[in-house]
Amino acid sequence: MSRLLLLDDHQVVREGLRSVLQAAGHDVVADTECVEQALAVCSSGEVDVVVLDIHLQGVTGLQVLRQMRALGLTVPTVVLSMSAQPHHIIEAMRLGALGYVLKGSPSGTLLQAVTAVANGTRYMDRSIPPVAGYPGTQGGAAVDPVGVLSTRELQILGLVVRGNTSAAIGVQLGLSPKTVETYRSRLMHKLELNDLSALVLFAVRWGLLESP
C-alpha cells in the first residue's frame, strides 16, 4: 500500500479522505491545507502519492503542480476536484498529474486512481463527461483508438498534442506539411473530434500522452 499526502483546504474533506484511504490500507503520512508544508513533506521522500485539490485557499492546485515541477518533485499526483472543465484537466496532466478524479465520484474511484498512479499509470475518472466526442464514439459505442488509427496516425496524434506544428512534424517524420495535415484531418474525423483541446483530452484519457 502507499504512503499518501492530502492537500485540501477543507478539514472535513481531509478527514473523510483519510478515513477512506486508511480503511483501504494506505498510510496517510500528512494532511494539510498549507502548500509549503505539503512541498516540504514531498521533498522528504516519505510520500508515494499526493492527492491534491485543484481549488485551494489563495492558490490553485495547478500552481502547486508548477511548484512541484520547478522543485524537481516527481511524486505521482492525483487531482481531486469538483471541476470537470477540459482546460483544468488538460493543464493538470500537462503539469505532471497522473490522475484526475471528480469529488462527486464513489470512493472506490479514488482508491483505483491512487493504486494506478502509484504504479506509474495514468487514471482518468470515467464519470468525466464527453467533450466534443471525447473519448471517441461511433454509433454510441466506445472506440479503441489503437484499433481505429493507423500506426502513422497515432504517431502524428502524439506529436500534435505535444504542441508540434505540421511543419515540425513533417521534418521529424520526413513528410510534407500538407501530408501531415491530411493525416491530422483523417485521424480527427475517425475519432469524431473537432479541436485540439478535445484531441488532448482523448490522448490523456487513453494513455497516449506521457507525463511531461
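The values are calculated or read from the model by the stated rules, or taken from the named source; none is laboratory data. Given the structure is predicted, the values throughout are model-derived calculations rather than measurements. We place every Cβ from the backbone using ideal geometry, glycine too, and count neighbours over all the protein chains shown.
Out of the residues in segment 12-36 meeting the condition of being surrounded by fewer than 18 Cβ atoms within 10 Å (Cβ to Cβ) and touching a residue at least 40 places away in the same chain (Cβ under 8 Å), tell me which one is farthest from Arg66 (Cα to Cα).
Ala24
Could you tell me how many of the residues in segment 76-100 are surrounded by fewer than 23 Cβ atoms within 10 Å (Cβ to Cβ), of a type in the set (A, V, I, L, M, F, W, C) and either out of contact with any Gly (no Cβ under 8 Å at 6 or more places or on another chain) or in a strand (DSSP E or B) (or both)?
3
Counting only residues that are among the hydroxyl-bearing types (Ser, Thr, Tyr) and at pLDDT 85 or above, which one in segment 111-160 is nearest to Asn194 (Cα to Cα)?
Step by step, filter segment 111-160, then rank; the result is Tyr123.
Which ones in segment 59-96 are among the small types (Gly, Ala, Ser) and modelled with pLDDT of 90 or more? Talk me through it step by step, then tell me what you get.
As a first pass, look at segment 59-96 and keep what is among the small types (Gly, Ala, Ser): 61, 70, 72, 81, 83-84, 92, 96.
Gly61, Ala70, Gly72, Ser81 - these are the residues of segment 59-96 that are among the small types (Gly, Ala, Ser) and modelled with pLDDT of 90 or more.
For segment 5-38, give me each residue that is outside any helix (DSSP H, G or I) and either outside the structural domain of Val114 (by TED's automatic domain parsing) or hydrophobic (A, V, I, L, M, F, W, C) (or both). Talk me through it step by step, then tell me what you get.
Kept after step one, since they are outside any helix (DSSP H, G or I), are these residues of segment 5-38: 5-10, 24-34.
Answer for segment 5-38, where residues must be outside any helix (DSSP H, G or I) and either outside the structural domain of Val114 (by TED's automatic domain parsing) or hydrophobic (A, V, I, L, M, F, W, C) (or both): Leu5, Leu6, Leu7, Ala24, Val28, Val29, Ala30, Cys34.
Has segment 189-203 got at least one residue that is of a type in the set (Lys, Arg) and crowded, with 18+ Cβ neighbours inside 10 Å? Let's see the steps before the verdict.
Quick first cut of segment 189-203, residues of a type in the set (Lys, Arg) only: 190.
Now restrict to residues that are crowded, with 18+ Cβ neighbours inside 10 Å: none.
No, the conditions are met nowhere in segment 189-203.
Would you confirm whether or not segment 114-122 contains a residue that is in a helix (DSSP H, G or I), within 22 Å of Ala23 (Cα to Cα), small (Gly, Ala, Ser) and more than 9 Å from the chain's Cα centre (by Cα)?
There is at least one residue in segment 114-122 that is in a helix (DSSP H, G or I), within 22 Å of Ala23 (Cα to Cα), small (Gly, Ala, Ser) and more than 9 Å from the chain's Cα centre (by Cα).
Within segment 54-63, count every residue that is surrounded by 21 or more Cβ atoms within 10 Å (Cβ to Cβ) and assigned to a strand (DSSP E or B).
Total satisfying the criteria: 0.
Given the options Val41, Val51, name the one that is part of a strand (DSSP E or B) and either farther than 19 Å from Ser81 by Cβ or touching a strand residue (DSSP E or B) at 6+ places or on another chain (Cβ under 6 Å) (or both).
Sole residue among the options that is part of a strand (DSSP E or B) and either farther than 19 Å from Ser81 by Cβ or touching a strand residue (DSSP E or B) at 6+ places or on another chain (Cβ under 6 Å) (or both): Val51.
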